[in-house]
Each structure stands twice: as structure tokens, then as C-alpha cells.
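The values are calculated or read from the model by the stated rules, or taken from the named source; none is laboratory data. Just so it is clear, the structure is predicted and the values come from calculations on it, not from any experiment. All Cβ positions, glycine included, derive from the backbone under ideal geometry; neighbour counts span all protein chains shown. Note: accessible area is taken over every heavy atom of the protein model, side chains too, but ligands, DNA and RNA are not part of it. Shrake-Rupley method; radii C 1.70, N 1.55, O 1.52, S 1.80 Å.
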Amino acid sequence: MAVTTSSNLANRLDSIVGTGHVRAPTNSEARAADTIVEPGSVEEICELVRMCEADRIALAPMGAARSLAVIRPSPVALGISMARLARIVAYEPDDMTIVAESGITVGALNTAMGSARQRLPVDPCNPSVTTLGSLVCAAHSGPLRLSEGTSRDLLIGVRFVGHGGNLVHGGGRVVKNVAGYDLMKLMGGSFGTLGIVTEVTFKVRPVPAEYWVAVIPCARAADAFAAARIVNDALPLSNLDILSPSFARRFNSTLQFLLLAGFSGSPLEIGYQAERIRDLVGPRGEILDDEAALRSYGLLRDLDFRSAPLAAQIAVPLAHLGRALEACGDDIEFRAHAGSGVAQILLADEPSAERAVKTVARWREAAHSARGTLRLLAATPAIRDSLEVFDTPNAGALSLMRRLKAAFDPAGIFNPGCFVGGI
């Protein structure tokens, strides 16, 4: 392994990205990387990768580093910030596709498409600070996953810098492109372990004419899940979510649990769906329209689990979600995507390291017993080292993942040692 002094490394970085674009990490970045580099072009990223491969310097691409701060057991040497690569490259409203650099945020992208009444309908928490690179590589999503899918479903093209500093292309700029390997699926949820995504192409969709939401209070979690099954079977909902008591209180709920069933469409469609929901669940609760509905949706989307002392995401077959959450314990708060089988859970108070280990073990057992998985979303520095972020897959799957890592990153520089099985 080559030895590179700190001053020598700083000089080399300056020579690649220019003076003023190498800095110390701030906030969550400090848990992810020792030094932050802000390249201004794909060519600069290619040169950075070639340098890091030659000297075996670990690096990681990052947006705000919120996910990296949790999954990394220790900082990498270099964090590659995509902040200067935030342009829309091409937008074709008639074709309903958009090409953008990975440093632009979801919020900024949707603002740019607002005049055409189109959007990328993937709704992570705080889209104004979630970059497209993070959206894809950290597999972020939100309540709209029920009706719109995730970034994996809408991504039709990707470019990334990989081994040797080579720029790799997958997919294309049209929806029916079938050329090459399905690199979009491979890069989704890869957490920067296979390369640095620089550009993405998405299918986009029209903004619905109207959005309303039914807000239904329930005395017990079981009642909320029972009501959710009824409306989910009867209607094509935009989102269907259940909140536990602490979160429900943010919506002025006086009972313990809250079911939020969002629906959208034309005025005629909206009117029909509102009447059907009233028929299905009776007079309890209320139906919010227009700005009140959008405010409630925003509150639901932006519930922040990453700032919790301990939080995780559980994914199980839909029919088992309620029982799995019950098995996680009565000390959790949760947001359950009741039509998707996915939920985010947290502890409101900071546990000791010993309690954290026991709690996560209980959560994992609940997920595995329901034939699902669990991934940590947040853990304070005091307890992070005692916890595994990801589940360990079976031997066959892990072997395949290791072979992919070796093929795409033979030098082992792309965000090493933090993914599934220590990849």
C-alpha cells in the first residue's frame, strides 16, 4: 500500500478539483469521512478514483451523509460530495423523462418540473435535502411507494464512475430502452459500494389534479390494521399509513392510533373515493381536502427517524406487518406503510449499549419470524459500534454479493466494510 502524507494528499486533491473544494467534514459528514472533496465534473471524479485506486485510499460518494453516518463503522478517508454536480441535463415533458446529475435534490427536481405539472413521485423524508444519488443508492422512499413504487421502479438510466475511473452507462433516456445489463437495479440500494453515480434518468408522472386524505382514529393498532385492509382492498389509494400514538398526536388525534388513507385523481374520482371510504369505515374520522390534505401528507412524509436515538426499518409480507410490529415490543413508536408491508420504528429514549443490542435483536427476531428483514436507520454514536446495521443474508446470496463487489471494485476503495456481510 502506498504511503501518502496528509499534506501531499491535500496538494494532489487541490490539483484535481481546484483550490477551495477540499474541506473538513461538518455535522453528520464527520461520521462518514475524514476529508470532503467537491468535484465539479465527471472527469474530476474519474481522476479521483484513479488516484484512490493507485494509493488504496477509501472513498464514499455522499449527499448530506445522513445514511452514511449510520452505516459506516468508521470514516473513510475521502467523502466525494456531489454538491457541484446538480444540473438538469435534459427534460422531455412530452416523453415524461428527465435526466439529471446525482447532486440535485428531489425537491429541486420537482420544482423544475412544476410548470409542466409533472413530478418524480418518490417521496423521501425532507426531499429538499435528499439528492438523487442518495435516493437511488440508499433506496429512500416514503408513503407514495404504495401507488408510485420506489426509485428502483422509475429509474431507466444511470451513469457511474467505477473501477479504473471509467464512466459506465446503463439503460438509456427512453422508457423502452433495453440495451445492456440492468445496472439500474444493481446500483439501487448499493450505498456507494460499487461506484459513484453521477447521472440518472427517470420516468416522471403527472401531478394529480387533486389529493385528499381520510384521517381515521383507532383505539388499538389491530383496529387500524383491520380498517387498512378493508380500504386497501376496495380502492386504488395513493398512500395508506398507520401512526402510533406519539406520531398520531401531531395530527391532533385524541385516540391511540391513526390511519391515514390518501387518494388522488380528478374531481369525479375524488368524490367517488371519498364516499366509498365513508361507506367502508363509517362516520369516524374526517376527510381532508386541498391544502389541509397536503399539509397532513407533508407531516406524514417528513417524520424524521434518522434523528432518533435508535430507529430501524422493517419489511415483511403485507399480511404479517401488524403482528411483526406487535412482536417488536410496546416501547416503540412507528409509521407503518400499511399497504406495502414496510414500517419505520424507533425508541424515543436513548438506550444503553446493552439495551440497544437486546432491542435490535428482538426487532430482528420479529422481522425474521415474519419472513422479513430489518435495517437500522439511526443509532447514536454511543451505541452504534455494538450494532449490525444490515441483516446477514443466506450463504448463497452473500457469495453472489461478494463476487459482484470483487468484479466492480477489485481495489476495494468504494465505501468498503460497511455493507451487508462487511462488504
Provide a single number: the residues in region 5-35 that are of a type outside the set (Val, Ile, Thr), touching a Leu at 6+ places or on another chain (Cβ under 9 Å) and closer than 22 Å to Pro416 by Cα. 8
I'd like to know if region 332-342 contains one or more residues that are open to solvent by 60 Å² or more (accessible area, probe 1.4 Å), under 30 Å from Ser28 (Cα atoms) and within 27 Å of the chain's Cα centre (by Cα). no
The lone exception for Asp349 - which of (1) without any contact (Cβ under 8 Å) to a residue 60 or more places away in the chain; (2) open to solvent by 10 Å² or more (accessible area, probe 1.4 Å); (3) farther than 16 Å from Ala308 by Cβ; (4) not basic (Lys, Arg) it fails: (3)
Could you count how many residues in region 97-129 are open to solvent by 60 Å² or more (accessible area, probe 1.4 Å) and either of a type in the set (Lys, Arg) or more than 20 Å from Ala65 (Cβ to Cβ) (or both)? 3
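Can you tell me which residue among Ser81, Ser67, Ser74 is of a type in the set (S, T, N, Q), closer than 24 Å to Ala138 by Cα and at pLDDT 95 or above?
Details: Ser67 fails: at pLDDT 95 or above; Ser74 fails: at pLDDT 95 or above.
Checking each option against the conditions leaves just Ser81.
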Being part of a strand (DSSP E or B) and open to solvent by less than 70 Å² (accessible area, probe 1.4 Å) is the filter; apply it to region 21-37 and report the residue that is farthest from Arg84 (Cα to Cα). Ala33
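Among the residues of region 85-96, how many are of a type in the set (Asp, Glu) and either part of a loop (DSSP other than H, G, I, E, B) or open to solvent by less than 30 Å² (accessible area, probe 1.4 Å) (or both)? Break it down into steps so the answer makes sense when it comes.
The first filter runs over region 85-96 and keeps only residues of a type in the set (Asp, Glu), leaving 92, 94-95.
Narrowing the set further to residues that are either part of a loop (DSSP other than H, G, I, E, B) or open to solvent by less than 30 Å² (accessible area, probe 1.4 Å) (or both) leaves 94-95.
Total meeting the criteria: 2.
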Any chance you could count how many residues in region 145-170 are among the hydroxyl-bearing types (Ser, Thr, Tyr) and either closer than 19 Å to Ala90 by Cα or in a helix (DSSP H, G or I) (or both)? 2
Expected output for region 331-343 (first residue at pLDDT 95 or above, partner part of a strand (DSSP E or B) and acidic (Asp, Glu), Cβ below 8 Å, 6+ apart or cross-chain) is Arg335/Asp241; Ala336/Asp241; His337/Asp241; Ala338/Asp241
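Every residue, every condition in (1) within 30 Å of Gly189 (Cα to Cα); (2) at pLDDT below 95; (3) open to solvent by 50 Å² or more (accessible area, probe 1.4 Å); (4) more than 28 Å from the chain's Cα centre (by Cα), yes or no:
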{"residue": "Tyr211", "(1), (2), (3), (4)": "yes, no, no, no"}
{"residue": "Phe257", "(1), (2), (3), (4)": "no, no, no, no"}
{"residue": "Arg276", "(1), (2), (3), (4)": "no, no, yes, yes"}
{"residue": "Ser296", "(1), (2), (3), (4)": "yes, no, no, no"}
{"residue": "Arg306", "(1), (2), (3), (4)": "yes, yes, yes, no"}
